[in-house]
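Take a look at the structure below.
The values are calculated or read from the model by the stated rules, or taken from the named source; none is laboratory data. As the structure is a prediction and not an experimental result, all values here were calculated from the model. SASA here: full protein model, heavy atoms, side chains in, ligands and nucleic acids out. Shrake-Rupley method; radii C 1.70, N 1.55, O 1.52, S 1.80 Å.
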Amino acid sequence: MVLRLILTQIFFSCGKILLKWCIYLKKSKNNDILKKRWKTMDFVIKENVFLADLEKIFEENQERNVFDKTCLIDDSFLKFVCLFNNIPVGYIAIYPYSNFMEKEGIAAKFEVEKNAVYIWHFAVKKAFEGKGVASLLMEYTVKKFAGRPVYSVMEEMNTPAILIHSRVGFKPFAKFKKRYHDTPVNLLLMKKTK
(Lines give C-alpha, C1' and ligand atoms only; values in the text may rest on other atoms or scores of the structure.)
Protein backbone atom coordinates (compact mmCIF):
# COMPACT_ATOMS: atom_id res chain seq x y z
CA MET A 1 0.00 0.00 0.00
CA VAL A 2 2.80 2.40 0.91
CA LEU A 3 4.66 1.46 -2.27
CA ARG A 4 1.52 2.10 -4.29
CA LEU A 5 1.12 5.51 -2.65
CA ILE A 6 4.77 6.39 -3.35
CA LEU A 7 4.49 5.29 -6.98
CA THR A 8 1.28 7.30 -7.41
CA GLN A 9 3.02 10.42 -5.99
CA ILE A 10 6.00 9.94 -8.30
CA PHE A 11 3.75 9.33 -11.29
CA PHE A 12 1.61 12.38 -10.41
CA SER A 13 4.69 14.62 -9.97
CA CYS A 14 6.24 13.38 -13.21
CA GLY A 15 2.89 13.76 -14.92
CA LYS A 16 2.67 17.42 -13.87
CA ILE A 17 6.19 18.10 -15.11
CA LEU A 18 5.53 16.21 -18.34
CA LEU A 19 2.24 18.05 -18.85
CA LYS A 20 3.92 21.44 -18.33
CA TRP A 21 6.70 20.46 -20.73
CA CYS A 22 4.18 19.32 -23.35
CA ILE A 23 2.21 22.56 -23.02
CA TYR A 24 5.44 24.55 -23.37
CA LEU A 25 6.47 22.58 -26.46
CA LYS A 26 3.03 22.91 -27.98
CA LYS A 27 3.04 26.68 -27.45
CA SER A 28 6.51 27.12 -28.88
CA LYS A 29 5.71 24.89 -31.85
CA ASN A 30 2.48 26.76 -32.53
CA ASN A 31 4.31 30.08 -32.41
CA ASP A 32 6.92 28.77 -34.84
CA ILE A 33 4.20 27.44 -37.10
CA LEU A 34 2.37 30.76 -36.99
CA LYS A 35 5.57 32.60 -37.90
CA LYS A 36 6.21 30.21 -40.77
CA ARG A 37 2.60 30.38 -41.82
CA TRP A 38 2.75 34.17 -41.88
CA LYS A 39 5.75 34.06 -44.20
CA THR A 40 4.58 31.26 -46.47
CA MET A 41 0.98 31.11 -45.21
CA ASP A 42 0.91 27.41 -46.11
CA PHE A 43 0.09 28.05 -49.73
CA VAL A 44 -0.35 25.10 -52.04
CA ILE A 45 -0.31 25.24 -55.83
CA LYS A 46 -2.45 22.86 -57.83
CA GLU A 47 -3.10 22.67 -61.52
CA ASN A 48 -6.49 23.20 -63.18
CA VAL A 49 -8.63 23.09 -60.02
CA PHE A 50 -11.38 25.40 -58.70
CA LEU A 51 -11.79 26.84 -62.19
CA ALA A 52 -15.21 28.36 -61.41
CA ASP A 53 -13.65 30.37 -58.56
CA LEU A 54 -10.98 31.87 -60.80
CA GLU A 55 -13.52 34.07 -62.52
CA LYS A 56 -14.24 35.79 -59.17
CA ILE A 57 -10.55 36.57 -58.78
CA PHE A 58 -10.48 37.78 -62.39
CA GLU A 59 -13.45 40.12 -61.77
CA GLU A 60 -11.86 41.48 -58.59
CA ASN A 61 -8.79 42.44 -60.63
CA GLN A 62 -10.65 43.82 -63.65
CA GLU A 63 -9.71 47.44 -62.99
CA ARG A 64 -6.06 46.36 -62.95
CA ASN A 65 -5.73 45.83 -66.66
CA VAL A 66 -6.56 42.16 -66.78
CA PHE A 67 -8.26 42.29 -70.15
CA ASP A 68 -9.04 38.82 -71.33
CA LYS A 69 -10.63 35.92 -69.52
CA THR A 70 -10.45 33.61 -72.52
CA CYS A 71 -7.79 31.68 -70.68
CA LEU A 72 -10.24 30.74 -67.92
CA ILE A 73 -12.58 29.05 -70.40
CA ASP A 74 -10.18 27.70 -73.02
CA ASP A 75 -8.83 24.21 -72.20
CA SER A 76 -5.61 24.86 -74.11
CA PHE A 77 -4.49 27.02 -71.17
CA LEU A 78 -3.01 25.63 -67.99
CA LYS A 79 -4.20 27.25 -64.79
CA PHE A 80 -1.89 27.06 -61.78
CA VAL A 81 -4.01 27.90 -58.76
CA CYS A 82 -2.63 29.04 -55.42
CA LEU A 83 -4.72 27.75 -52.53
CA PHE A 84 -4.83 28.85 -48.91
CA ASN A 85 -6.84 26.49 -46.69
CA ASN A 86 -8.10 24.92 -49.92
CA ILE A 87 -9.52 28.25 -51.13
CA PRO A 88 -8.20 29.83 -54.36
CA VAL A 89 -6.38 33.10 -53.63
CA GLY A 90 -4.57 33.56 -56.93
CA TYR A 91 -3.82 31.97 -60.26
CA ILE A 92 -1.57 32.17 -63.25
CA ALA A 93 -2.81 31.25 -66.72
CA ILE A 94 -0.23 29.66 -69.00
CA TYR A 95 -0.44 29.17 -72.74
CA PRO A 96 2.11 26.40 -73.33
CA TYR A 97 2.50 26.86 -77.09
CA SER A 98 4.85 29.03 -79.11
CA ASN A 99 2.13 30.67 -81.25
CA PHE A 100 1.10 32.87 -78.32
CA MET A 101 1.82 36.13 -80.15
CA GLU A 102 -0.60 35.18 -82.89
CA LYS A 103 -3.19 34.01 -80.35
CA GLU A 104 -2.78 37.28 -78.41
CA GLY A 105 -3.23 39.24 -81.65
CA ILE A 106 0.21 40.83 -81.55
CA ALA A 107 2.01 41.41 -84.84
CA ALA A 108 5.51 40.43 -83.80
CA LYS A 109 8.66 41.64 -85.49
CA PHE A 110 10.74 39.00 -83.75
CA GLU A 111 10.93 35.22 -83.64
CA VAL A 112 9.87 33.09 -80.70
CA GLU A 113 11.37 29.68 -80.00
CA LYS A 114 9.26 26.63 -80.96
CA ASN A 115 9.12 25.35 -77.37
CA ALA A 116 8.19 28.70 -75.79
CA VAL A 117 5.63 29.09 -73.03
CA TYR A 118 3.55 32.20 -72.42
CA ILE A 119 2.13 33.64 -69.20
CA TRP A 120 -1.24 34.95 -70.36
CA HIS A 121 -1.90 36.66 -67.05
CA PHE A 122 -1.98 36.20 -63.30
CA ALA A 123 -4.24 37.60 -60.62
CA VAL A 124 -4.33 37.56 -56.82
CA LYS A 125 -7.21 38.25 -54.44
CA LYS A 126 -6.77 41.72 -52.97
CA ALA A 127 -6.76 40.33 -49.42
CA PHE A 128 -3.67 38.25 -50.29
CA GLU A 129 -1.63 40.89 -52.07
CA GLY A 130 1.85 41.35 -50.66
CA LYS A 131 1.86 37.84 -49.19
CA GLY A 132 4.05 36.34 -51.92
CA VAL A 133 1.27 34.65 -53.91
CA ALA A 134 2.26 36.15 -57.28
CA SER A 135 5.94 35.38 -56.72
CA LEU A 136 5.10 31.82 -55.69
CA LEU A 137 3.03 31.32 -58.84
CA MET A 138 5.81 32.76 -61.01
CA GLU A 139 8.44 30.56 -59.36
CA TYR A 140 6.23 27.51 -59.82
CA THR A 141 5.77 28.32 -63.51
CA VAL A 142 9.49 28.83 -64.09
CA LYS A 143 10.31 25.52 -62.35
CA LYS A 144 7.54 23.66 -64.16
CA PHE A 145 8.90 24.77 -67.54
CA ALA A 146 12.60 24.65 -66.68
CA GLY A 147 14.66 24.52 -69.84
CA ARG A 148 11.97 26.22 -71.94
CA PRO A 149 11.83 29.96 -72.61
CA VAL A 150 8.93 31.62 -70.80
CA TYR A 151 7.46 34.91 -72.08
CA SER A 152 5.08 37.36 -70.48
CA VAL A 153 3.54 40.63 -71.68
CA MET A 154 2.55 43.50 -69.41
CA GLU A 155 1.91 47.19 -69.64
CA GLU A 156 5.15 49.10 -69.77
CA MET A 157 4.07 51.14 -66.72
CA ASN A 158 2.99 48.13 -64.61
CA THR A 159 5.88 48.37 -62.15
CA PRO A 160 4.61 45.70 -59.70
CA ALA A 161 4.32 43.10 -62.48
CA ILE A 162 7.75 44.03 -63.86
CA LEU A 163 9.30 43.65 -60.39
CA ILE A 164 7.67 40.26 -59.79
CA HIS A 165 8.92 39.03 -63.15
CA SER A 166 12.41 40.45 -62.55
CA ARG A 167 12.68 38.66 -59.19
CA VAL A 168 12.42 35.28 -60.90
CA GLY A 169 14.84 36.16 -63.68
CA PHE A 170 12.74 37.70 -66.48
CA LYS A 171 14.44 40.31 -68.63
CA PRO A 172 12.90 42.86 -71.03
CA PHE A 173 12.79 41.38 -74.52
CA ALA A 174 10.72 43.72 -76.72
CA LYS A 175 8.39 46.72 -76.60
CA PHE A 176 5.36 47.27 -78.81
CA LYS A 177 1.86 48.79 -78.89
CA LYS A 178 -1.53 47.11 -78.96
CA ARG A 179 -5.08 48.39 -78.84
CA TYR A 180 -7.24 47.19 -75.94
CA HIS A 181 -10.84 48.36 -75.94
CA ASP A 182 -9.97 51.05 -78.52
CA THR A 183 -7.15 52.39 -76.37
CA PRO A 184 -3.51 52.12 -77.48
CA VAL A 185 -1.36 50.54 -74.79
CA ASN A 186 2.45 50.42 -74.56
CA LEU A 187 3.44 46.85 -73.78
CA LEU A 188 6.62 45.17 -72.61
CA LEU A 189 7.45 41.57 -73.48
CA MET A 190 9.69 39.95 -70.89
CA LYS A 191 11.51 36.67 -71.30
CA LYS A 192 12.92 34.09 -68.90
CA THR A 193 15.47 31.67 -70.25
CA LYS A 194 16.79 28.60 -68.52
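A viscosity of 0.692 mPa s and a temperature of 37 °C, combined with the Kirkwood radius over Cα pairs in Stokes-Einstein, give a translational diffusion coefficient for the stretch 38-194 of 208 µm²/s. Close amide H contacts of N48 (hydrogens built in the peptide plane, cut-off under 5 Å, sequence separation of 5 or more or a different chain): K79, F80, V81. I'd like the carbon and sulfur percentage of the solvent accessible area for the stretch 136-194, probe radius 1.4 Å, heavy atoms only, ligands and nucleic acids excluded. Result for the stretch 136-194: 55 percent of the exposed heavy-atom area is carbon or sulfur. One equal scatterer on each Cα of the stretch 131-188, no solvent, Debye formula: the resulting log10 I(q)/I(0) at q = 0.20, 0.24, 0.30 Å⁻¹ is -0.80, -1.00, -1.24.
Over the C-alpha trace of the stretch 63-156, radius of gyration and Dmax come out as 13.6, 44 angstrom.
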